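The values are calculated or read from the model by the stated rules, or taken from the named source; none is laboratory data. Here the structure is a predicted model, which is why all the values come from computation and not from measurement. Virtual Cβ from ideal backbone geometry, glycine too; neighbours counted across all protein chains shown. Areas reflect the complete protein model, heavy atoms only, side chains present, ligands, DNA and RNA absent. Shrake-Rupley method; radii C 1.70, N 1.55, O 1.52, S 1.80 Å.
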Amino acid sequence: MGDITNLEPVAERVSRLRLGYSYARCRLAEPGEVPTLEEARKIIDKLYESGVPFFTKALIQDMWDQIKRDPAPGDKILTKDITGAVAEFEVETGRVRPWRVDGTEMEYVLKELVLSYQCRACLRSDVIRRYYPSQHWEPCSIKLMHRVQEWDSKTEKNIPWPGPMDREVVARTFQDKAQEWNESPACEKLKRILSSSAKNHEIDKVVGFALGTMSSQYFIEDGSLRTEDGWRSGSQHALLVTIVEWLKERDDKQKVLCYSQDPAYTEVDEKILKEAGIEVIEDPRGWLEVDEHSIVVSISPNVPAKEIITDIARPAVVIWYRVEFHDGLDTGLTDPDSSRSRAMMEGYELHEFGPDKEMFSDIVLYIRKSVAAPTPSSDGRFS
Ligand SMILES: C[S@@+](CC[C@H](N)C(=O)[O-])C[C@H]1O[C@@H](n2cnc3c(N)ncnc32)[C@H](O)[C@@H]1O
């Protein structure tokens, strides 16, 4: 197995940097034989089809615990790849690296570590994209990335991004979008379906994933600020509030736990959502909160939410993109369907509630057929 130093091609690094993240370097603790490209894909498929969980709460918790300890540059974060081999991520917080964009030399600095989730389709594409012909292979379903920021060596300072939008402006957008949603036939239909088909499910928590930021603004090519992405986010959070209100009424409760996880949230989102009864939580706590007594809402995530949830829980209710009959292999989809998510959905009843596709995409409601919470086997699997 070859040495792993600075593997990523520049073009790839640049596109990731625009997203604000850079993968931490990784190597196997005990490098062995490197499989051929074809063999590597077969190993992934075989493990996936045999039911080996790619995501477990224990794995997520363990990696979170390690990065929360604030590791120093040069430290190693240990994990296991899907084959069970021990892999090490190198901590490089604070390091400054060169960055070339369209022929211009720039620099970026590596900030804190975050988790990056690789579904089966991502692992398969990575076999070609990242690992070959570099001659190393450690298929980790959870990798680590450093958040990155543009750096100015002359002043030794970060180059800041535009801050969040004004709180009043965001609050008004959220209000308008909530009103639009609350007055829509889809909102009424959603409550009606929940009242008839989820009336006996024991539910104590609502968890949102990837519902977006209502307040971020960023520069676009002509130099102006782009702000309208918050509209979809406003509508989607309004849907989350509707579910909480429905649950409060059903159970005659003053308060229902409602968490939402999206790394894009700003302090403005956090304040506005808190006023609406939604607690913003950091990644990866959302996954750890989801269980058989939860309602999960995930819309258009840049993270394989379906594959993660499918491996770790059987929530009472799920709202996400309609699960379809193809696996999204080689499509680059960030939240593809898979044989596992299709198998999970066999235990659920699909309900259409017709939300506006422009604001919500093609989301549908799934309610678990069994009112009683299923129990996982000792290795955490639901089969
Ligand atoms: C394409 S945007 C969709 C936003 C919004 N739901 C919409 O439909 O417009 C994808 C979202 O996934 C979020 N995301 C990425 N990684 C995530 C994670 N680990 N947990 C939760 N959300 C995540 C991104 O921050 C981003 O807001």
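In the same structural domain as Arg124 (by TED's automatic domain parsing) and buried (at least 18 other Cβ atoms within 10 Å of the Cβ) - does that describe any residue in region 154-162? No, there is no match, as no residue in region 154-162 is in the same structural domain as Arg124 (by TED's automatic domain parsing) and buried (at least 18 other Cβ atoms within 10 Å of the Cβ). Out of Val303, Val297, one residue alone is part of a strand (DSSP E or B), within 15 Å of the ligand (Cβ to nearest atom) and in contact with a Phe, Trp or Tyr (Cβ under 8 Å, 6 or more places away or on another chain). It is Val297. Picking from residues in region 260-274 that are open to solvent by 20 Å² or more (accessible area, probe 1.4 Å) and without any contact (Cβ under 8 Å) to a residue 60 or more places away in the chain, the one that is farthest from the ligand (Cβ to nearest atom) is Lys274. Evaluating Tyr366 against the criteria (1) in contact (Cβ under 8 Å) with a residue 60 or more places away in the chain; (2) more than 16 Å from the ligand (Cβ to nearest atom); (3) in contact with a Leu (Cβ under 8 Å, 6 or more places away or on another chain) leaves one unmet condition, (1).
Every condition in (1) open to solvent by 10 Å² or more (accessible area, probe 1.4 Å); (2) more than 12 Å from the ligand (Cβ to nearest atom); (3) modelled with pLDDT of 95 or more is met by Arg285 except one, and the failing one is (2). Considering Gly354, Gly332, the condition of being within 21 Å of the chain's Cα centre (by Cα) and either open to solvent by 60 Å² or more (accessible area, probe 1.4 Å) or over 22 Å from Cys122 (Cα atoms) (or both) is satisfied by Gly332 alone. The C-beta contact set for region 76-94 (first residue in the same structural domain as Val127 (by TED's automatic domain parsing) and open to solvent by less than 50 Å² (accessible area, probe 1.4 Å), second residue of a type in the set (Val, Ile, Thr) and in a loop (DSSP other than H, G, I, E, B), distance under 7 angstrom, 6+ apart or interchain) comprises Ile77/Val91; Ile82/Val52.
Inspection of region 97-119 finds a residue satisfying the criterion of being small (Gly, Ala, Ser) and modelled with pLDDT under 95.
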